[in-house]
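Shown next, in structure tokens, is the structure this report addresses.
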Amino acid sequence: MRWPVRDPDVVAVFEPPPEPWLAGHRGVDLAAAPGDPLHAPADGVIAFNGTVAGKSVVTIGHGALTSTFEPARSGFAVGARVRRGEAFAEVGGGSDHCARGCVHWGLRRGRDRYLDPQSRASPTALALKPVATQPVTAS
Ligand SMILES: [Zn+2]
């Protein structure tokens, strides 16, 4: 995946809750200003574009994964296809924790399994991705 903003600056990292029902930070916050363009991290389809409890949210479905952006506003209709890197929205609207100077990017698999977007977007993390499922044994 690619970063949704140019020159990404992570201002709050992913902190998964110890249990799914507990509080945590289910994504990363990237420094951003209202009006900044958001670029699709991967090919997908606009899955939601609107307001949830006063928060302006746009989500993109990428097959099994879903990206969520807040605050974000998009001129795309639900169901519209977006290409990796395409500007699909801009930073703006209401948010309960990114009110000033950031945009929240959440990534989940299925309904409630949250992943760290930074590990998917960071080139260094990609280099550390395991290539085998078998445990490494010292010799
Ligand atoms: Zn956040």
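Can you tell me which residues in region 69-99 are farther than 19 Å from Ala31 by Cβ and open to solvent by 20 Å² or more (accessible area, probe 1.4 Å)?
Ser74, Gly75, Phe76, Ala77, Val78, Gly79, Ala80, Arg81, Arg83, Arg84, Gly85, Glu86 - these are the residues of region 69-99 that are farther than 19 Å from Ala31 by Cβ and open to solvent by 20 Å² or more (accessible area, probe 1.4 Å).
Inspect region 112-122 for any residue being modelled with pLDDT under 95, more than 16 Å from the ligand (Cβ to nearest atom) and either hydrophobic (A, V, I, L, M, F, W, C) or in a strand (DSSP E or B) (or both) and give the result as yes or no.
Yes, region 112-122 has at least one match.
Based on this model, can you work out whether Ala53 counts as within 14 Å of the ligand (Cβ to nearest atom) and either in contact (Cβ under 8 Å) with a residue 12 or more places away in the chain or over 14 Å from Arg120 (Cβ atoms) (or both)?
No; evaluated as a whole, the condition is false for this residue.
Going through Val58, Val28 one at a time, which residue ends up being modelled with pLDDT of 95 or more, within 16 Å of the ligand (Cβ to nearest atom) and closer than 17 Å to Tyr114 by Cβ?
From the options Val58, Val28, the qualifying one is Val28.
Going residue by residue through region 62-82, is there one that turns out to be modelled with pLDDT under 95, more than 13 Å from the ligand (Cβ to nearest atom) and more than 23 Å from Ser119 (Cα to Cα)?
No.
Say whether the condition of being touching a helix residue (DSSP H, G or I) at 6+ places or on another chain (Cβ under 9 Å), touching a residue at least 60 places away in the same chain (Cβ under 8 Å) and either within 16 Å of the ligand (Cβ to nearest atom) or not hydrophobic (A, V, I, L, M, F, W, C) (or both) is met by at least one residue in region 95-105.
Yes.
If you go through region 2-21, how many residues are open to solvent by 50 Å² or more (accessible area, probe 1.4 Å) and either within 13 Å of the ligand (Cβ to nearest atom) or more than 17 Å from His97 (Cα to Cα) (or both)?
Number satisfying all stated conditions: 12.
The values are calculated or read from the model by the stated rules, or taken from the named source; none is laboratory data. For clarity, every value in this text was computed on a predicted model and none was experimentally measured. Neighbour counts are summed over all protein chains in view; Cβ atoms, including those assigned to glycine, are modelled from backbone coordinates with ideal geometry. These area figures cover heavy atoms from the full protein model, side chains too; ligands, DNA and RNA do not enter into them. Shrake-Rupley method; radii C 1.70, N 1.55, O 1.52, S 1.80 Å.
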